[in-house]
1. Mind checking which residues of the range 257-266 are at pLDDT 90 or above and either of a type in the set (Gly, Ala, Ser) or crowded, with 19+ Cβ neighbours inside 10 Å (or both)?
2. Restricting to the range 27-68, give me the number of residues that are surrounded by 18 or more Cβ atoms within 10 Å (Cβ to Cβ), without any contact (Cβ under 8 Å) to a residue 40 or more places away in the chain and of a type in the set (Lys, Arg).
3. In the range 99-114, is there at least one residue being of a type in the set (A, V, I, L, M, F, W, C) and within 28 Å of Ala147 (Cβ to Cβ)?
4. Check the range 272-288 and report whether any residue there is modelled with pLDDT of 80 or more, among the basic types (Lys, Arg) and not in a helix (DSSP H, G or I).
5. Quick one: is Ala116 under 18 Å from Gly30 (Cβ atoms), surrounded by 19 or more Cβ atoms within 10 Å (Cβ to Cβ) and either more than 22 Å from the chain's Cα centre (by Cα) or among the small types (Gly, Ala, Ser) (or both)?
Amino acid sequence: MDSSVLVNAIRSAFFGDSAEPRDFGEVSAGAVAAVARRWAEGRVSTEIMAARALSLRERLDQSLSYMRADLEASREVDAALLEYALAVQSATSSLQRAVRRLHEHARDNHVEYSSADADAVEVARDALLERQVALQEWLAAGVSTCARCGHRAEHDDWCAKCEQPMIVPAPPIDEDGVEAVPMGPALTAVYFACEAVASGAAPFDVLAEALRHAEGELAGVVAQMIACQHQLADDDVAHALQHALAGMLDGLAGIRRFETTRVVRDLNEGWAQIAHHARALHVEMRPESADVVEFLG
């Protein structure tokens, strides 16, 4: 028996029989700007450039729609939180305009604007990140906070107004600091559950269910590794896969700690650990795609 059996088991558990893994990096602002620079050099087709820009444009459109709805509904939000939220909304609008221009130029095959468009996207991305970090630093003073309205109370477990559990926020991990990682449905669900719970958009039960499903997907692969461990003693690829899977399980355990601690840093650090080991897992399984994964990161 060789490591190909484990590769097939992992691919089946995480990616299914035919579905390609989700790539979170493909629609990040940094990745889209990098694609624009490759487009300028003739290394990426106009069709790919237009598709990437459209994906990010649609995501930003949706984000702004949610922001506006949240701000309209939050008439009693903390005044300081409102100021920070409006600054984030303004910066997001600037990034949306930069991406819209890039998409329109790609759609019309105006490659001569690509370098300037990439610069504009990166400048807007950096400005947005600064405002997001400022907001999170204000929130991350170690004080329990309602993710929905911003009410802060050092010793309260629940927000009386929103009837939501209080959490301890943390600054986000830099989008470009976590490698772009192909993910299957189970881990995709964990990622979005973390976002929803941290923002107050979903109850803790949503995250608990996503974690149970992801851990269940891993359990079968881990059991198979244990059963055939003696046959893979000299297989370097198998050892690398085992190490990556163990690291991903540790990351899921870190995220699960949030259910008790309610500290968002546990979500961030757990996900960063999953992303790191999932990238290694993917490279071992599909070495021919390593350059693409590195580029998207």
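The values are calculated or read from the model by the stated rules, or taken from the named source; none is laboratory data. Just so you know, these numbers come straight off a predicted model, no measurement behind them. FYI the Cβ positions are ideal-geometry reconstructions off the backbone, even for glycines, and counts take in every protein chain you see.
1. Correct list: Phe258, Asp266.
2. 1
3. Of the range 99-114, the ones of a type in the set (A, V, I, L, M, F, W, C) are 99, 102, 106, 111.
Those still in the list that are within 28 Å of Ala147 (Cβ to Cβ) too: 99.
Yes, that holds for at least one residue.
4. Scanning the range 272-288 turns up no residue that is modelled with pLDDT of 80 or more, among the basic types (Lys, Arg) and not in a helix (DSSP H, G or I).
5. Working: under 18 Å from Gly30 (Cβ atoms): yes; surrounded by 19 or more Cβ atoms within 10 Å (Cβ to Cβ): no; either more than 22 Å from the chain's Cα centre (by Cα) or among the small types (Gly, Ala, Ser) (or both): yes.
Judged against the criteria, Ala116 is not a match.
The rows are residues; the columns are (1) β-branched (Val, Ile, Thr); (2) at pLDDT below 75; (3) closer than 30 Å to Leu71 by Cβ.
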position	(1), (2), (3)
Met183	no, yes, no
Cys194	no, no, yes
Ala198	no, no, yes
Asp205	no, no, yes
Ala208	no, no, yes
His213	no, no, no
